[in-house]
Amino acid sequence: MPGLSQDRLQSLMTGGRAVDCAGKSTITIISERRNANKEIEGEQRMKDAIEAVWAAIDADPDYVTEMTRDLVRIPSVNPKFETGDGINREADVQNYLEARLREEGLQTSQHEALPGRPNLIADQPGSEDRSLILCGHIDTVPVGNLGNWHRDPFGGEVSDGRLHGRGAVDMKSGVAACVAVAHFLRKAGVKLDGRLSIHAVVDEEAGGFGAMEAVRRGFLARGAIITEPTWNKVIPAEGGLEWVRVTITGRSGHAGFRYNDIFPQPDVTGRLQPAINAIELANRFLNLLRDFEQSRCRNNAHPLCPPGLATINPGVIHGGVGLGEDGLPLIRTNPAMTPDKVVIDLDYKFLPHEKSADVRAEFEAFVKAFAETDPWLRSHPPEVKWELGGLHFPPMDTSVDHPLVQALVQGHAVLASEPPVVTGFDAVTDAAHYAGAGVDAVIYGPSGDGFHGDNEYVDLASLHRTVKVVAAAAITHCGLK
């Protein structure tokens, strides 16, 4: 067959499929090379986009600083802790943020999470498969003793690389970082493929009911970064938390007849019915609870959490006679009465890999076993009430290898010239509520000090790094159009 190339001759001899010596068709090889080239081109586009956004951030380092200062200057103390003239301005914070986000082209809406306390939701439309939430809370704890502050707690003063004020690090700087990511993406001309959402929520400091309401309304995504202060650690795991109430019942009586209750008496006609002191029953319960707690700590561990995190803290206890509609003893100031009710409120922590249903069942089995040790309790077992005050934090256990976690790790490592610490969180955050709804969540934010105390501040260098790292993670997670 004159005029045919060797490749064409081989193609005809194999039914139109050119085959190499390894058995792969030429079409397969070409396809693999094209895919490899596309992947290389995609990685280069991603790298170029990240560098463009970082350059935009470097060109305007005051943007996030000034926004943090503006937010600190709008007091938004959680009204569950303290109310006062001009200190509970959560709605003003949300209006400020909404105006800034609209300037960036995001679609915004406000929804009441609690009366007079709105959440703010902002969206940059895009693919749901690569959607991402950036979330922060706008409420703060009270100032406390003003005399202990060296600066105006609502002044937003900047000095020595720090911005000072209530909420500076916990977490108005984190909220500003979320908005700054959207701003610098637009400024650098970077368009994401996935939907980018920004959630500014209320009430995190008093139980996370703002985030719970956002989740209830279906404001979810594939992934979420919560920009709480982490000292630039990457935190993909945090334990769950339950508030649980145990009510122990005894039998009331007059304290003057206590001898009849505790000392062997002749069982004669007319003997007064012995009282049963609920406080003493509660004392036995608490002693056994400590053993149960230590057993949980010994036998449970998570690789990212400190040993012994699975604790059960008896935080509040009330003893007295009778039970009111609020679930607390009616008479609590008369020691001449043998108390028949003790109410114990527990702060019950469990580990990231544990399930709330399993933890509840285990505790209820412990309470039942305790009741079996006493004839009275056997017929009057303690009552257990979960989600006291509506509070419930699901656990978060995002894999260390999750792409969103690794994007934060890699971005931080480039900027800091060393990899960040990847660890679990000791307390709880709004990340729990998103994780409980199936969102792959992770926490990453700036450094500072004085949160929940005096002289709060945020370190501005760490804040600027946070904006860069979160922006890079958003590009990596959401992809490019």
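Odds and ends about this structure:
- 28 Å Cα-Cα threshold exceeded, pairs from Lys80/Lys349; Lys80/Lys172; Lys172/Lys385; Lys341/Lys368; Lys233/Lys349: Lys172/Lys385
- Put simply, when 41-47, 352-358, 452-458, 222-228 are sorted by average Cβ atoms within 10 angstrom per residue, most first, you get 222-228, 452-458, 352-358, 41-47.
- Set of lysines near Lys481 by C-alpha distance (under 17 Å), chain-local residues within fewer than 8 positions excluded: Lys38, Lys47, Lys187, Lys191
- Which of Gly389, Pro446, Thr423, positive extreme of dipole for the stretch 377-460 (C-beta unit charges): Gly389
- Zone of Ala461's modelled label, taken as backbone nitrogen in the stretch 206-234 under 20 Å from a point 7 Å along Cα→Cβ: 229-234
- Using only the C-alpha atoms, the convex hull of the stretch 188-298 corresponds to 233 Å³ per residue.
- Cβ-to-Cβ counts within 10 Å put Ile87, Ile262, Ile198 in ascending order as Ile262, Ile87, Ile198, the fewest first.
- Mean projected area of the Cα convex hull of the stretch 309-402, taken over all directions, amounts to 8.0 nm².
- For the chain, the longest principal axis of the Cα atoms and the long axis of helix 356-371 meet at an angle of about 20 degrees.
- Sorted ascending by nearby beta carbons within 10 Å, beginning with the fewest, Thr230, Thr311, Thr466, Thr333 become Thr333, Thr311, Thr230, Thr466.
- Dipole magnitude for the chain: about 980 debye, using +1 per Lys or Arg Cβ and -1 per Asp or Glu Cβ, origin at the Cα centre.
- The stretch 244-393, dipole about Cα centre (Lys/Arg Cβ +1, Asp/Glu Cβ -1), debye to the nearest 20: 160
- With respect to the chain, whose longest principal axis is taken over its alpha-carbon atoms, helix 403-416 is tilted by about 80°.
- Sorted by Cβ neighbour density within 10 Å, fewest at the top, the residues Cys305, Cys178: Cys305, Cys178
- For the stretch 162-204, convex hull of alpha carbons as volume per residue, Å³: 80
- Within the stretch 350-481: Cβ-based charge dipole about Cα centre, in debye rounded to nearest 20 (Lys, Arg +1; Asp, Glu -1): 460
- Mean residue ellipticity at 222 nm, helices only, the chain: -12000 deg cm²/dmol; runs of at least 4 DSSP H residues each add -39,500 (n - 2.57), and the sum is divided by the number of residues.
- Measuring how big the stretch 378-481 is from its alpha-carbon positions, Rg and Dmax come out at 18.4, 67 Å.
- Placing unit charges on each Cβ (+1 for Lys and Arg, -1 for Asp and Glu) gives the stretch 244-393 a dipole about its Cα centre, and among Tyr259, Ala357, Val343 the Cα reaching farthest toward its positive end belongs to Tyr259.
- When the stretch 244-393 is reduced to its Cα atoms, the Kirkwood hydrodynamic radius in Å: 17.0
- Over the chain, equivalent-ellipsoid semi-axes from the Cα gyration tensor in Å: 56, 32, 18
- Per-peptide average of other Cβ atoms within 10 Å, ordering 58-70, 266-278 highest first: 58-70, 266-278
- Förster radius 51 Å - calculated FRET efficiency between Glu325 and Glu418, Cβ distance, rounded to 0.05: 0.35
Every read-out reported here was derived from the displayed coordinates using simple, explicitly stated rules and does not represent laboratory data. As the structure is a computational prediction, the values presented were derived from the model and not from experiment. Note: ideal-geometry Cβ built from the backbone for every residue, glycine included; neighbour counts use all protein chains shown.
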